[in-house]
Amino acid sequence: MKSYDHKSIEKKWRNKWEKDGLYKTPDSAKGRENFYLLTEFPYPSGNLHVGHWYAFALPDIRARFESMRGKNVLFPIGFDAFGLPAENAAIKNKVNPRNWTESNIEYMKGQIKSMGTSFDWSREVQTIDPDYYRWTQWMFLQFFKNNLAYRKDTPVNWCPKDKTVLANEQVVDGKCERCDTEVVQKQMLQWNLKITNYADRLIDDLEPLDWPKEIKDSQRNWIGRSEGAEIDFPLVGNVKDDSRFLLLHGRESTSAGEYQPWLKAELEKRGYEVEVVDLPNPNEPNDKEQADYVEKHCKLDERTVVVGHSFGGVVALRLLERGHKVRRVVLVSTPYSGRFLDKKVRKSVTAALKKRFDFETIKKNAKTFMVVPDAKDPVVPASDGEALRKELGAMYMPGKANSSHFTADIEQDVLMMCAPTIRVFTTRADTLYGGTYLVLAPEHPWVQLALAHKGLLENEDEVVRYIDTSSKKTEIERQAVEKEKTGVKLKGVRAINPATGKEIPIWVADFVIGSYGTGAVFADAHDERDYAFAKKYGIPFKETLEPVATKTTGADALKPNMPLIDRQAAMAIVRHPTEDKYLGVTYKPTSVKGFISGGIEDNEKPEEALKREIREEAGFTNIKNVRQLGSVIHSRFWSVKYNRNTNSHYLPFLVELEDLAREEVSAAEKAEHDMEWMSPTELETFINRDDWRAAWNRLQGRAYAGKGILFDSGEFSGLTSDEAIPKIGAKFGRIVKQYHLRDWIVSRQRYWGVPIPIIHCAKCGMVAVPDKDLPVKLPEVKDYLPEGSGKSPLAKATKWVKVKCPQCKGPAERETDTLDTFVDSSWYFLRYSDPKNKKKFADRKKMDAWMPVDLYSGGAEHTTMHVLYSRFWQKALFDLGLVKDSEPYKRRMNRSLILGPDGQKMSKSRGNVVDPDEVVARLGADTVRMYLAFIGPYNEVSSFPWNPDGVAGIRRFLERVVRLSECVVNEEVPENESILHKTIKKVGDDIQALKFNTAISQLMISVNHIEKRGKIAESQWDVFLRLLAPFAPFVSEELWYDAGHKTSLYSAEWPAYDAERLVDEKVTIAVQINGKTRGTALIDVGIDSIAQEAEAQKSVQDRLIGKKIARTVVVPGRLVNFVLEE
RNA sequence: GCCGCGGUGGUGAAAUUGGCAAACACGCUAGCUUCAGAAGCUAGUCCUCGCAAGGGGUUGGGAGUUCAAGUCUCCCCCGCGGCACCA
């Protein structure tokens, strides 16, 4: 009896494979197609768990299979080795994070190799390798140079414990993903990547990908695109004044440039006087010359508001310096430092800025200064705005430019700073005519603006108090959906609804989010939240939609291509005279559940029709009171009774009865409906059609938030919501898209990461480290605790921080933040194609030979973050011409989760952690691999508990296979039912479909057959071993050599099957009577259906006696069904 | 609330895509083997009525389409995951 000594077998073959370089992948191989199989590289936490086995050993099955099938398979591995745990361990144990990480990697390598994976270790990639992160830095700089990376003062999620900034994705339920500490909001200068530029492409490019639906959906969901309209509401009240405006354009512009003509028109529309001017020498502007010109040609008085764009702002300041008194100065993207990214600009404008401003004088000559910088301005750094704000004590209004540097034709934020206008975002422009108030987020810039003008708001204190309270609330408190909405009215101002022309009140409430849309909404009666808020604070509301309920499913669904017959009708919610109960009606043919209803005859009043229906259907005669419940409710459904598509226009009523006195109801009526008194709670679940639900909700005082037909909406009355939304949006505003996705904040105030390769110079601003100086290596520091003030521990390496500016050679400082580790993993799959390249991140030809990834296997936890980030990265590289494809992964799959034996997630605290090393030592790596493969389908997201008995079962199976080698005979053994050919087909098909579990079950079936037969021919044994090979590589190789082969099983070809032999000679068919299986028949394959029917009839002869066969259904080779007459 | 995934024996799960539901395993039961344990072998194991032959039922619940439904359609229930004061 052969014994199965897994320990010696595994050791032997692991060493031999490594020595022979069996798994080295060439960049191309003659006659072999390239196949790139990627699994997410691990974080070197120190110990491999069962999940790692699931992640690596199962794709290995596919890798070995593809390789045996003749593909040149790239199946690489590496380590995502930067990140917090190393640093936390370093702080705790006073060790170097690099040492900690590297020793973990060494240990885990051994573990991964023990799995018998066919990884090509010669292509290993580690993100902490300076030869790797040189290119991480290089790519970051490409983004920086192309305006995809920028620094911005951002409200960030700050973890007080880890003392670092977290990405939105790292905040779970308002807590730090890693340490569970409550996250707080903080304003900090952060590096961002402009992933929002790619929002549309990240959604649209998903369409053709061969990915599971749920992955695509969660990507779309995360980006959160919604289409709607932005609509402007002019403000009136205390804001109305006698200001006149003077618009000063910037360099290389005229009075007809940028937003100037639009702004002029908008201001004039609001009744303001506007003066524009063409300044001399705009291409090489001179501030003195232009100021002289304005003095001479323009009016400057105490009513004047000067709006200066860019260089025009400089001119404005010069005018005040000369003593001109004006009311207000608005500085849009105005330069101050004289540092510009564009050298041409620097030359002409810095000259003007060399002369210092006399801010003391300037400040005296206007009441208010407003600085409007553009955060993403590529011309004037946003920090200039910050500096001007300090010098002038100005109001600081960071704007969102439509085009950077506010160069678009329409720049709403500029208008907002000039003339009070609130822009709202809505997806439901159809309800605009019912917009009866505005709600602003507490952080809305206009609220700040209004508060800065003392006396503008009549309830300043109240507003300030409200804003304070809500800013102190944590994000979680603010987002608690259940909580009562709170808000405060802005007294002294009103907005004008552009559709109705009516003045409406303005509220501030923290249920409106400053960062989404425009931070402002108009509120109407067709939104649950707005409606509830209006009721709470007694704000008037107005319905403008008649509900439309269209039945598309069920027995009363509209039938397509049939005319729609209009019908005037009334519906009655009948209240019980003494109890809080209502009459629920079930209509019998369709089991539609609602209330009493009926058509209104000609010359009949709705109330009369109603009384008649109530008497006819329910018999009640004494009606006390009838009250109409709002406007018409339209209902489109198939009428079973009249056999036609009906468009019922219901008037809903509440009917109160005097008493329960009733007449006899006719039998015909009784047959049509059941009636029952029901409590409101019962009715909630009883009603099953939207028209009745709409009436019921009205009675309950709930908003109708669905779509409908517009009324009281001017020229749009009578349109449906879907028709009106784009029309109203376009007439009173513009159609826009909004995204939930924010730019990706990539800076981290942490040591153990890639240093951001930027140098800060007082003169030149932010300067990229030149390519020749890359990589910027992580400096050594004494301890790794964050500095605490928001600077990373790198700031402690003072010598390292001090550098010469690469541009001006003056003293400068390095950026001390490091990059988010998601940056490291956004391109590692490219590096695998050429991991040792010193000149490029990868050779273009080698990359093109492998990319895009054919199959990417990963964890469901990475569906949104990592996959989205790396897709963005790939697209950015694609736009820079650095890669061939704009999508990195052809196919992505999410793997399931392995639970502990108790069905719970494995965790140390639960004590249900399965140690794979222990199981491997006891039962062998082949057993563990094969067990995990057998546990369930690999291509579905689910979770499987680890079953110790199940593992033992697989071990038994492998032992039986080993014993089977004793049965190999050097003679022909006729196959039993072509079982081997069926197995070749099924195993191959199932591996490709990633259903390893059924592939293994087929291997088991074939072993059962062979055991029964007691012998197997040598050639058949060879085939069997090749089928087993991907699953149990060690033992298969052992048996292969045992069988006399001299070269590795993994250089053998995958066996082919004979399609003809898959078909059996005889087959058992099912014989049914009336669709129920009553017997079986063994028939020859390929006999005609008449013969098959005859065979079948024989097998159920007894049951057919005295019966008449009405019909026979014959499915060749499958079944025969005799349908009997009644 | 919205989006997605799922619900089949005691357990993990199969089911040529509408054609004999429960393959393959685990577990369990009985027997054989064994000093004993472990392992192995044989038989049984969806439920139910029946000594048996055999009958009836069954894929979360209900309705429908069909000769035939785990699979298609509709309504409802439950579980899991993600997003969420998103205008």
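Computed quantities for the displayed model
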item	result
Top-ranked residue in the range A:548-579 [being in a strand (DSSP E or B) and within 16 Å of RNA strand B (Cβ to nearest atom); ranked as least open to solvent (accessible area, probe 1.4 Å)]	A:ALA549
Positions within the range A:1023-1054 being in contact (Cβ under 8 Å) with a residue 24 or more places away in the chain and farther than 25 Å from A:PHE119 by Cβ, in sequence order	A:VAL1023, A:PHE1024, A:ASP1042, A:ALA1043
The lone exception for A:LYS216 - which of (1) touching a residue at least 40 places away in the same chain (Cβ under 8 Å); (2) within 16 Å of RNA strand B (Cβ to nearest atom); (3) basic (Lys, Arg) it fails	(1)
Qualifying residue in the range A:257-270 (condition: surrounded by fewer than 14 Cβ atoms within 10 Å (Cβ to Cβ) and more than 18 Å from A:ASN402 (Cβ to Cβ))	yes
Complete set of residues in the range A:377-409 that are in contact with a Ser or Thr (Cβ under 9 Å, 6 or more places away or on another chain), in a loop (DSSP other than H, G, I, E, B) and within 25 Å of A:ASP241 (Cβ to Cβ)	A:ALA394, A:PHE406
Test: A:ASP722 is under 34 Å from the mean Cα position of the chain (by Cα), away from RNA strand B (no atom under 13 Å from the Cβ) and farther than 30 Å from A:ARG339 by Cβ	yes
Per-region count, the range A:217-233, residues more than 20 Å from A:TRP744 (Cα to Cα) and among the aromatic types (Phe, Trp, Tyr)	1
Which numbered condition A:GLU1011 fails, given (1) surrounded by 21 or more Cβ atoms within 10 Å (Cβ to Cβ); (2) part of a helix (DSSP H, G or I)	(1)
Those residues of the range A:410-442 which are open to solvent by 10 Å² or more (accessible area, probe 1.4 Å), part of a loop (DSSP other than H, G, I, E, B) and more than 14 Å from RNA strand B (Cβ to nearest atom), in sequence order	A:ILE410, A:PRO420
Only one of A:ALA1052, A:ALA1070, A:ALA1029, A:ALA1081 that is modelled with pLDDT of 85 or more, open to solvent by less than 50 Å² (accessible area, probe 1.4 Å), within 15 Å of RNA strand B (Cβ to nearest atom) and under 25 Å from A:LYS982 (Cβ atoms)	A:ALA1070
Counted residues, the range A:612-670 - those being among the hydrophobic types (A, V, I, L, M, F, W, C) and under 30 Å from A:ASN561 (Cα atoms)	6
Only listed residue being under 23 Å from A:LEU267 (Cβ atoms) and away from RNA strand B (no atom under 13 Å from the Cβ), chosen from A:ASP205, A:ASP232, A:ASP210	A:ASP232
Qualifying positions in the range A:991-1008 - near RNA strand B (Cβ under 10 Å from one of its atoms), of a type outside the set (A, V, I, L, M, F, W, C) and either in a loop (DSSP other than H, G, I, E, B) or surrounded by fewer than 21 Cβ atoms within 10 Å (Cβ to Cβ) (or both)	A:LYS995, A:ASN997, A:THR998, A:SER1001, A:GLN1002, A:ASN1008
Residues of the range A:1032-1053 that turn out to be of a type in the set (Gly, Ala, Ser) and in a helix (DSSP H, G or I), as a count	2
Within the range A:514-547, tally of residues that are part of a loop (DSSP other than H, G, I, E, B), small (Gly, Ala, Ser) and within 34 Å of the chain's Cα centre (by Cα)	5
Candidate set: the range A:359-382, residues that are among the polar types (S, T, N, Q) and either at pLDDT below 85 or surrounded by fewer than 17 Cβ atoms within 10 Å (Cβ to Cβ) (or both); chosen: the one nearest to the chain's Cα centre (by Cα)	A:THR368
Residues of the range A:807-825 classified as closer than 30 Å to A:PHE872 by Cα and part of a loop (DSSP other than H, G, I, E, B), total	5
Lone qualifier among A:MET893, A:MET906, A:MET865 - being within 16 Å of RNA strand B (Cβ to nearest atom) and within 14 Å of A:ALA55 (Cα to Cα)	A:MET893
Close pairs from the range A:930-949: first within 14 Å of A:LEU899 (Cβ to Cβ) and near RNA strand B (Cβ under 9 Å from one of its atoms), partner outside any loop (DSSP other than H, G, I, E, B) and open to solvent by 60 Å² or more (accessible area, probe 1.4 Å), Cβ under 6 Å, at least 6 apart	A:SER943/A:LEU897
Filtered residue count, the range A:218-272, keeping only those that are over 32 Å from the mean Cα position of the chain (by Cα) and under 30 Å from A:ILE725 (Cα atoms)	18
Matching entry among A:GLY900, A:GLY988, A:GLY924 (being within 28 Å of A:LEU1062 (Cβ to Cβ), touching a residue at least 40 places away in the same chain (Cβ under 8 Å) and more than 9 Å from RNA strand B (Cβ to nearest atom))	A:GLY988
The range A:959-982 - residue that is within 27 Å of A:GLU1060 (Cα to Cα) and within 12 Å of RNA strand B (Cβ to nearest atom) and, of those, most open to solvent (accessible area, probe 1.4 Å)	A:LYS982
Unmet requirement for A:GLY517, which otherwise passes all of (1) buried (at least 16 other Cβ atoms within 10 Å of the Cβ); (2) more than 15 Å from RNA strand B (Cβ to nearest atom); (3) at pLDDT below 90	(2)
Complete set of residues in the range A:110-159 that are without any contact (Cβ under 8 Å) to a residue 60 or more places away in the chain, over 24 Å from A:ASN192 (Cα atoms) and either open to solvent by less than 10 Å² (accessible area, probe 1.4 Å) or in a helix (DSSP H, G or I) (or both)	A:GLY110
Hits in the range A:912-958 (condition: in a helix (DSSP H, G or I), open to solvent by 20 Å² or more (accessible area, probe 1.4 Å) and touching a Leu at 6+ places or on another chain (Cβ under 8 Å))	A:ASP917, A:ALA952, A:ARG955
Count of the range A:443-466 residues which are within 11 Å of RNA strand B (Cβ to nearest atom) and open to solvent by less than 20 Å² (accessible area, probe 1.4 Å)	1
Checking A:ASN625 against (1) within 16 Å of RNA strand B (Cβ to nearest atom); (2) within 30 Å of A:ALA525 (Cα to Cα); (3) open to solvent by 20 Å² or more (accessible area, probe 1.4 Å); (4) not basic (Lys, Arg), the condition it does not meet	(1)
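Condition check ((1) among the aliphatic types (A, V, I, L, M); (2) more than 7 Å from RNA strand B (Cβ to nearest atom)) across all residues:
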{"position": "A:VAL508", "(1), (2)": "yes, yes"}
{"position": "A:HIS526", "(1), (2)": "no, yes"}
{"position": "A:ARG529", "(1), (2)": "no, no"}
{"position": "A:ALA532", "(1), (2)": "yes, yes"}
{"position": "A:THR544", "(1), (2)": "no, yes"}
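The values are calculated or read from the model by the stated rules, or taken from the named source; none is laboratory data. The shown structure was predicted, so the numbers you read here are calculated from the model rather than taken from an experiment. Note that each Cβ is placed from the backbone with ideal geometry, even for glycine, and that neighbours are counted across all protein chains shown. What goes into the accessible areas is simple: the full protein's heavy atoms, side chains included, and nothing from ligands, DNA or RNA. Shrake-Rupley method; radii C 1.70, N 1.55, O 1.52, S 1.80 Å.
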